[in-house]
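Okay, so here's the structure we're looking at.
The values are calculated or read from the model by the stated rules, or taken from the named source; none is laboratory data. Please read all numbers here as calculations on a predicted model, not as lab measurements. As a convention, Cβ positions derive from the backbone with ideal geometry for all residues, glycine included, and neighbour counts pool all protein chains shown.
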Amino acid sequence: MQCPNCQSKDIGKIGSTQFYCWNCFIEITMMNEILNVHQIEADGSLSSLDDLFTEEERKIN
Ligand SMILES: [Zn+2]
């Protein structure tokens, strides 16, 4: 698995379907073989980055 944002493989697992990219600091959630990407804001809330990627780019190969 690699980060859909920066292509890094430096991915940490933080939950059964949740991962964290240590390179670009985004949270990745795996849902039905599609990755949902979130940025963690300074106040701790999550904002979706899914709009930045096509479904094809977010699909797990
Ligand atoms: Zn990344």
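Can S8 be described as at pLDDT 95 or above, among the hydroxyl-bearing types (S, T, Y) and on the phi < 0 side of the Ramachandran plot? So S8 fits the description; yes.
If you go through the stretch 18-33 and keep only what is among the hydrophobic types (A, V, I, L, M, F, W, C) and either within 15 Å of the ligand (Cβ to nearest atom) or surrounded by 14 or more Cβ atoms within 10 Å (Cβ to Cβ) (or both), you end up with F19, C21, W22, C24, F25, I26, I28, M30.
Remark: pairs (first residue in the stretch 48-61, over 10 Å from P4 (Cα atoms) and among the small types (G, A, S); second residue surrounded by 10 or more Cβ atoms within 10 Å (Cβ to Cβ) and at pLDDT 90 or above; Cβ separation under 6 Å; 6+ apart in sequence or on different chains) = S48/H38. Scanning the stretch 38-61 for residues that are under 15 Å from K9 (Cα atoms) and under 11 Å from the mean Cα position of the chain (by Cα) yields a single hit, R58.
Test of understanding: among G15, G44, which residue is at pLDDT 95 or above, part of a loop (DSSP other than H, G, I, E, B) and more than 13 Å from the ligand (Cβ to nearest atom)? None of the other options fit; the residue is G15.
Count of the stretch 1-17 residues, restricted to those that are aliphatic (A, V, I, L, M) and either within 11 Å of the chain's Cα centre (by Cα) or surrounded by 14 or more Cβ atoms within 10 Å (Cβ to Cβ) (or both), is 2.
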